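The next block holds one structure in the form of structure tokens; read it before the comments.
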Amino acid sequence: MRKSFVKNKIRPKEFDALIKITVEMSKYLYPYIREILKSKEDIKENSIIWNDFNKRFIELIKERFNVDSMRVQKLLNQAENDEIIIKSLLTLSFCISNQGFQKLKKFLYDF
Amino acid sequence: MIQNKLLFNQSSVSLEIIGLPDYSNNENKDQISIISQWKLTIVDKPLIEGKIEHLGPIMNAFYIYSNLLIKNEVPIYESKLIDIKADNLYIHNIVLKSSKPNVKPLNIKIGNTSLSDTINCFDQLNESSKVSIKKSVESNYIPKKVRFVLNNKVKFFDFIMPPFIAIFSLILFSSSFIYFYNPLKDKEKNELINPE
């Protein structure tokens with residue numbers, strides 16, 4: 001899915017390290033994640049936060065992902081990507097505890 | 001006897017645990033091993049409270065429901081005590097059924113934020129060293145399927161393929177020279193050099 005000509009397989013240690021970074025970042029960013037999720041709950045009042053987040057999300061996907069891939073195009077489609085974004089944010093928000101690393105690993109293995 | 005109180009907070013949700021330490025196990029004064037009551041407060045929602053036998057099933061219900069929600073399965077959890085199902089992507093409908101007769105079930109609608117706050121409160125309780133509680137289903141949950149495989153070892157296929165491709169391309173390249181070699185012409189040339 002990434003914009004790259006080289007296919008590198010991830011090693012277990014690198015995979016674990018990435019999960020640890022993600023969990024630590026989600027602990028730190030939990031208030032922001034919460035606000036984004038909340039803005040979607042009452043979209044009439046807080047549509048700015050959600051729209052800004054969605055816009056930036058699409059910008060980053062276009063910048064770093066292979067836009068020709070069908071799966072990436074699904075992420076870019078604003079009508080379809082709501083569910084993917086909400087579930088990704090929820091997954092992160094469920095993993096901010098001390099056991100977050102194990103939780104996120106389980107979620108990813110089961111994805 | 002004065003009971004101990006422990007409070008776990010996460011943004012809009014707070015969980016209060018009331019109970020006593022187990023002095024027969026030589027526990028500290030501020031420890032809670034015998035839970036007598038718990039209260040779950042969600043901002044703008046009715047108070048949820050109960051006995052110890054209700055806490056475990058309610059925690060499990062939330063953990064199982066959150067797993068179902070993320071794993072793209074039908075997010076419905078039903079039991080004798082609690083039902084949780086998704087109204088849509090953002091609203092979750094909780095029905096708490098009382099064990100007492102003639103008490104109507106309590107309906108609560110919560111958003112994704114309250115759901116994640118509640119899960120985080122339960123996580124804090126599970127991780128707290130001051131409260132002894134039976135581990136929930138979620139923490140013992142082991143994934144059934146592993147869809148992507150990590151590159152743990154150098155695979156035999158990856159090891160053998162580069163030399164195989166090299167030898168094969170060498171054969172292919174050298175076999176193309178057969179078209180430039182004409183044995184008849186070579187014979188005539190030899191005859192001209194050695195006329196005998």
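The values are calculated or read from the model by the stated rules, or taken from the named source; none is laboratory data. All values reported here derive from a predicted model rather than from experimental measurement. In this analysis, Cβ positions are derived from the backbone assuming ideal geometry, glycine residues included, and neighbour counts consider all displayed protein chains.
Values as computed for the structure displayed
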{"read-out": "Counted residues, region A:93-108 - those being of a type in the set (A, V, I, L, M) and free of Cβ contacts under 8 Å to residues at least 12 places away in the same chain", "value": "0"}
{"read-out": "Selection from region B:8-20 of residues that are over 14 Å from B:I119 (Cα atoms) and either surrounded by 19 or more Cβ atoms within 10 Å (Cβ to Cβ) or not assigned by TED's automatic domain parsing to the domain that holds B:K104 (or both)", "value": "B:I17, B:G19"}
{"read-out": "Residue list for region A:68-87, restricted to those being aliphatic (A, V, I, L, M) and free of Cβ contacts under 8 Å to residues at least 60 places away in the same chain", "value": "A:M70, A:L75, A:L76, A:A79, A:I84, A:I85, A:I86"}
{"read-out": "Subset tally (residues that are touching a residue at least 12 places away in the same chain (Cβ under 8 Å) and over 17 Å from B:G111 (Cα atoms)) for region B:29-58", "value": "20"}
{"read-out": "Strands (runs of 3 or more DSSP E) lying entirely in region B:26-138 (those with 2 or more residues that are surrounded by 15 or more Cβ atoms within 10 Å (Cβ to Cβ) and in contact with a His (Cβ under 7 Å, 6 or more places away or on another chain))", "value": "B:82-86"}
{"read-out": "Among the residues listed as A:I33, A:I48, A:I43, A:I21, the single one being touching a helix residue (DSSP H, G or I) at 6+ places or on another chain (Cβ under 7 Å), farther than 15 Å from A:S93 by Cβ and among the hydrophobic types (A, V, I, L, M, F, W, C)", "value": "A:I43"}
{"read-out": "Selection from region B:48-74 of residues that are touching a strand residue (DSSP E or B) at 6+ places or on another chain (Cβ under 6 Å) and not hydroxyl-bearing (S, T, Y)", "value": "B:I48, B:E49, B:I52, B:L55, B:I58, B:A61, B:I64"}
{"read-out": "All positions within region A:74-111 that are aromatic (F, W, Y) and within 15 Å of the chain's Cα centre (by Cα)", "value": "A:F94, A:F107, A:F111"}
{"read-out": "From A:K87, A:K40, A:K106, residue being of a type in the set (D, E, K, R), surrounded by 15 or more Cβ atoms within 10 Å (Cβ to Cβ) and at pLDDT 90 or above", "value": "A:K87"}
{"read-out": "Output for region A:30-55, where each listed residue is touching a residue at least 40 places away in the same chain (Cβ under 8 Å) and within 14 Å of the chain's Cα centre (by Cα)", "value": "A:Y30, A:I33, A:R34, A:I36, A:L37"}
{"read-out": "Test set (1) without any contact (Cβ under 8 Å) to a residue 24 or more places away in the chain; (2) out of contact with any strand residue (DSSP E or B) (no Cβ under 9 Å at 6 or more places or on another chain) - A:L90 fails condition number", "value": "(1)"}
